[in-house]
Structures are given as C-alpha cells and as structure tokens.
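Q: Take a look at this one; I'll ask things after.
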Amino acid sequence: VSKKFHHFAQPLVFQHLYVNDRCDWTRLARRLTMPISLSSQPSSSNAEPAGSSVQWMTVVTNDLHEGRQMPLTQMVFQARHLAGFSLSAFPFNSDSSNWTTLTAKSTFIGLLTSAFEPSRQSIEHVSFRMPLQASGVRPFLTTLASLTKTRVMVLRLYTRYDHARYVLHPLERSPSYQVLRSFLFENLDNGNYPYLTHISLWLMPFLRFL
C-alpha cells in the first residue's frame, strides 16, 4: 500500500467505531488518545488524536459492568467530533437478576455527562438500550438534557417501578431540544408513565415523528 493511500485511509478507519465484548476497551480508549497514524510526523494532519476522527460510535455489550464503564466514557470524551452515539447494553439472557443496572449511585451516568461535553454541540443522533433502575432515571435524563443539538433520539430502556417508593419529580429546568425531529421511546418493562411525566415537559417545537 502506498504511503499516500495509507495517509488518506487511516482517518477512515476510525470514522465509525464499533465496540463489542470482544474488544479490549481499555486499550481502545488509550489508542484514541494516540495519533491517527503512529508513524506520522508531528506536523502531519494524521498526527491528530485518533479520537478526533470518530464520527459515529456503536457500542454493543452483554454487560456494562464497572470495568467497561470508565473506558467507555474515555472513548466518548476523546471523540470530540462525534455525530452519532448508540449504546446497547442489554444482556442476551433473560435472567434479569444478573444484569448490571444503573442507579442513582452509579458514577457512570455522571461521567458520561462530562464525557459528552466536547461533542454535545455536534452530536445529532443518540440511542440507548439498557437496564436502568428507577433511582437512576433522573440522573440519566439530566445527561440527555445536555445534548441539546440532537435531531434523532431513541430510548429503549428496561426500568421496573415501585410506584409507592419512587415518585419522579421534574428536572429543575426543562430540557430544550430546538432541533429534535424524531423521538422514539419505549420502556421495555411497560412502565412508561414515570418517564412520560418528564418527557411531557421537554421543549420540542420542531418534533415531527414520535
């Protein structure tokens, strides 16, 4: 392969990042901090961090355990030009007792909010499919509230509610999605009402598909 073609192709390798359980998430997160081409001269455009080339990130995992949460937030943080993010952290087995579910005490939600900070003005498509405990709903919606430039949002969550214990109060400030065009929501445990009390307060003036 010629050097010119190698120089042209290297950024394309990182353009769509697909992460699954076969990957070494820690090594991949570290690789995104390194130059696009490890043989590049410091003045070359390929000397930019590999994460700067990532435009779409698809993450599919059977278990979003703590060992994967930190590397994932590092990958998102490095992808500062991210336009699309999809996370499917849904177990392939039906035994929900072994699932890793996010709660209000999970540091991952707060870290993910910070990780999206460099790309929140560029990200246009977000998709989440994962188990989420009732106590983690409000922090998770706070994360979504920071993604104000999103055009397409897909939420397919699995949350079991004990309505006697959890009363969801609206966020202090209603999120404003001025460019949101398409929104798909589904709670996979059929407990939509607590979510809808929040979503009904969102400002979505240009929503076309619900």
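Throughout, read-outs are computed from the coordinates displayed, never taken from laboratory work. All figures in this text were calculated on a predicted structure; none of them were measured in a lab. Quick reminder, even Gly has a Cβ in these numbers, built from the backbone with ideal geometry, and neighbours come from all protein chains shown.
Q: To the nearest 0.05, how large is the calculated FRET efficiency for S86 and A47 if R₀ is 30 Å and r is the Cβ-Cβ distance?
A: Computed FRET efficiency for S86 and A47 comes out at 0.55.
Q: Could you calculate the contour length gain from R27 to E66, that is, 0.36 nm times the residue separation minus the distance between their Cα atoms, to one decimal place in nm?
A: Details: separation 39, 0.36 × 39 = 14.04 nm, distance 1.57 nm.
Length gained, R27 through E66: 12.5 nm.
Q: On full extension of the chain, what length is gained from W56 through A9, given 0.36 nm per residue of separation minus the C-alpha to C-alpha distance?
A: Length difference between fully extended and current span is 15.3 nm.
Q: Mind ordering 133-144, 16-27 by average Cβ neighbours within 10 Å, highest first?
A: Going from most to least packed, we get 133-144, 16-27.
Q: Now a separate question. Run the numbers for S200 and S182: contour at 0.36 nm per residue of separation, minus the present Cα-Cα distance, in nm.
A: Using 0.36 nm per residue and subtracting the Cα-Cα distance, I get 5.0 nm.
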